[in-house]
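The structure under discussion appears below in the form of structure tokens.
Each reported figure results from applying straightforward, stated rules to the coordinates on display, with no laboratory input. Note that the structure is a prediction, hence the values are computed from the model and not measured. When we count neighbours, we look across all protein chains shown, and the Cβ atoms used for this are built from the backbone with ideal geometry, even at glycine.
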Amino acid sequence: MVKANNAYQIDVITGENTYPVYVGEGLLEHCSFVFEQLATRQVLMVSNETVAPLYMDKLLNAMPDVETDCLILKDGEQYKNFTSLQKIYDKLIDGRYHRDSYLIALGGGVVGDITGFAASTYQRGIAYIQIPTTLLAQVDASVGGKTAINHPLGKNMIGSFYQPEAVVIDVNTLRTLPEREFKAGLAEVIKYALLHGGTFFDTLYQQLEEGIDASDIEVLKPLIAKCCRIKADIVRQDEKETGLRALLNLGHTFAHALETLSAYKRWLHGEAVAIGLYCAVLLSVKLGYAKLSLAEKVAHMLSCAGLAYKIPVGIDVEQLCDKMMLDKKIKDKRLQFVLLEAPGACFLNSEVPERLLKETLIEAFEGD
Ligand SMILES: NC(=O)c1ccc[n+]([C@@H]2O[C@H](COP(=O)([O-])OP(=O)(O)OC[C@H]3O[C@@H](n4cnc5c(N)ncnc54)[C@H](O)[C@@H]3O)[C@@H](O)[C@H]2O)c1
């Protein structure tokens with residue numbers, strides 16, 4: 001397989017297969033090398049009404065010899081549901097797609113998650129390729145094989161672990177991403193820097209101070225590749241989240257509670273993660289693991305990224321605490337947190353006293 005020039009390649013090694021993640025510029029136009037092996041197979045490309053007009057033709061031009069049909073879903077988290085899933089199944093069955101067919105997910109995490117889930121279940125599993133077009137999906141959702149749809153009673157409640165055949169990340173797609181979505185993706189990048197530490201953390205700190213935007217391709221390429229490498233390394237060791245992979249939930253126990261409390265209307269996921277990261281560091285300080293200067297550093301990084309990190313006025317701390325107790329990551333009726341001593345030194349802890357949790361939430365609160 002010939003790889004496009006200047007693209008990073010990260011191999012994700014899992015129990016059942018190894019697959020490449022390519023990160024580069026202009027890969028949509030130059031990704032025919034990924035599809036060479038698919039030439040004789042049927043492909044269904046799934047995208048949404050926002051992303052398809054921007055990028056579908058580019059991709060179709062890169063795979064002229066592949067028999068490809070397209071399905072365009074409505075845009076939005078609320079469409080990550082049974083109805084959209086059924087549309088994919090209908091198209092596959094109607095088009096007589098066989099077990100050797102492929103699905104391609106072209107879009108953000110919503111399209112990626114739902115297409116991955118359809119692939120994992122259609123005829124007991126067909127192959128799929130992820131082509132993520134948001135920063136959040138490029139650094140996180142497209143790698144690692146978690147697929148899901150939402151149930152009316154809960155987010156990501158129906159899902160599977162099902163790895164793609166390849167992930168193709170064209171950093172140029174970020175140029176059309178709304179700024180708010182781009183910033184939300186930066187929260188996940190900061191999460192990876194906290195998990196990994198070392199020069200990655202220090203470099204990101206400096207880059208954020210200088211300012212990163214979606215046109216900074218030469219900054220973004222290695223940054224995205226590094227996040228994918230960190231995730232690949234964790235997934236290799238714990239594909240099904242029996243331990244280590246739970247570290248990727250840094251900040252997420254707080255974020256999920258905030259999202260649920262606001263019925264998923266107030267924040268983008270990454271924006272809630274930004275507040276969650278700050279709370280996680282603050283809690284680590286309260287418990288005596290981390291220094292206060294780390295909380296100040298993280299707050300500074302989040303502000304430089306244009307992300308609010310305090311719990312805003314209007315959120316009831318008592319209610320937030322209750323929601324957290326209901327988080328699905330509760331183990332043996334104890335809430336599990338990802339805490340840290342320093343960047344690169346994160347660990348799981350299920351022994352956080354409720355009193356300290358409340359104190360942390362109050363301290364992270366924007367009001368008096
Ligand atoms: N599978 C996982 O491991 C994992 C991890 C994190 C998040 N997720 C899931 O990912 C979803 C969130 O993903 P997301 O943040 O990418 O949201 P999203 O898929 O809703 O995309 C955000 C918005 O950006 C638009 N968009 C996408 N790419 C664009 C582009 N290049 N130019 C212009 N607009 C573009 C989309 O149409 C949408 O309106 C959630 O459902 C979450 O549960 C999954």
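General observations
- When Rg and the Kirkwood Rh are both derived from Cα coordinates, the Rg/Rh ratio for the chain amounts to 0.97.
- Counting 0.36 nm for each residue step from residue 296 to residue 217 and taking away their Cα separation leaves a gain of 25.6 nm.
- Computed on the range 1-145, with alpha-carbon pairs under 8 angstrom and 6+ residues apart, the relative contact order is 21 percent.
- When only alpha carbons of the range 17-72 are considered, Rg and Dmax amount to 11.7, 33 Å.
- Residues with amide H under 5 Å from that of residue 146, placed H, sequence gap 5 or more: 162
- Shown in residue order for the range 222-228 are the 3J(HN,Hα) couplings computed by the Karplus curve 6.51 cos²θ - 1.76 cosθ + 1.60 at θ = phi - 60°: x, 5, 5, 4, 5, 4, 5 Hz (x for Gly and Pro).
- Based on the Stokes-Einstein relation at 25 °C and a viscosity of 0.890 mPa s, and on the Kirkwood radius from alpha carbon pairs, the range 223-368 is assigned a translational diffusion coefficient of 157 µm²/s.
- Only beta bridges with both residues in the chain are counted; by DSSP, about 40 percent of them are antiparallel.
- Rounded, prolate or oblate (a/c below 1.5 giving rounded, otherwise prolate when a/b exceeds b/c) for the range 108-158 by Cα gyration tensor: oblate
- The angle between the Cα long axis of helix 354-363 and the main principal axis of the chain comes to about 90°, on a 0 to 90 degree scale.
- Cα lying deepest toward the dipole's positive end in the chain, options 47, 243, 189, charges on Cβ: 243
- Centroid-to-centroid separation of the range 334-360 and the range 70-128 [C-alpha atoms, Å]: 37 Å
- Max mean-square fluctuation residue, GNM over the chain, Cα-Cα springs under 10 Å, options 264, 278, 162: 264
- Angle in degrees between helix 252-261 and the longest Cα principal axis of the chain, rounded to the nearest 10: 90 degrees
- Each residue of the range 188-203 was assigned a 3J(HN,Hα) from its phi angle through the Karplus curve 6.51 cos²θ - 1.76 cosθ + 1.60 (θ = phi - 60°); the sequence is 5, 5, 5, 4, 5, 5, 5, 5, 8, x, x, 5, 4, 4, 5, 5 Hz, with glycine and proline shown as x.
- Cβ crowding within 10 Å ranks 45, 301, 56 as 56, 45, 301, fewest other Cβ atoms first.
- Here 161, 82 are placed in order of increasing Cβ neighbour count within 10 Å, fewest first, which gives 82, 161.
- Placing a label point 7 Å from the Cα of residue 90 along the Cα-to-Cβ line, the residues of the range 107-121 whose backbone N sits under 18 Å from it are 114-115, 118-119.
- Per-residue 3J(HN,Hα) values for the range 230-236, derived from phi via the Karplus relation 6.51 cos²θ - 1.76 cosθ + 1.60 with θ = phi - 60°, read 5, 5, 4, 5, 5, 5, 4 Hz in sequence order (x marks Gly and Pro).
- In the range 264-293, trypsin sites (Lys or Arg not before Pro) in a DSSP loop with at most 11 other beta-carbon atoms within 10 Å: 265
- Efficiency of FRET between residue 342 and residue 36 - r from beta-carbon atoms, R0 51 angstrom, step 0.05: 0.65
- Counting 0.36 nm for each residue step from residue 363 to residue 238 and taking away their Cα separation leaves a gain of 41.6 nm.
- By the count of neighbouring beta-carbon atoms within 10 Å, fewest first, 101, 47 end up ordered 101, 47.
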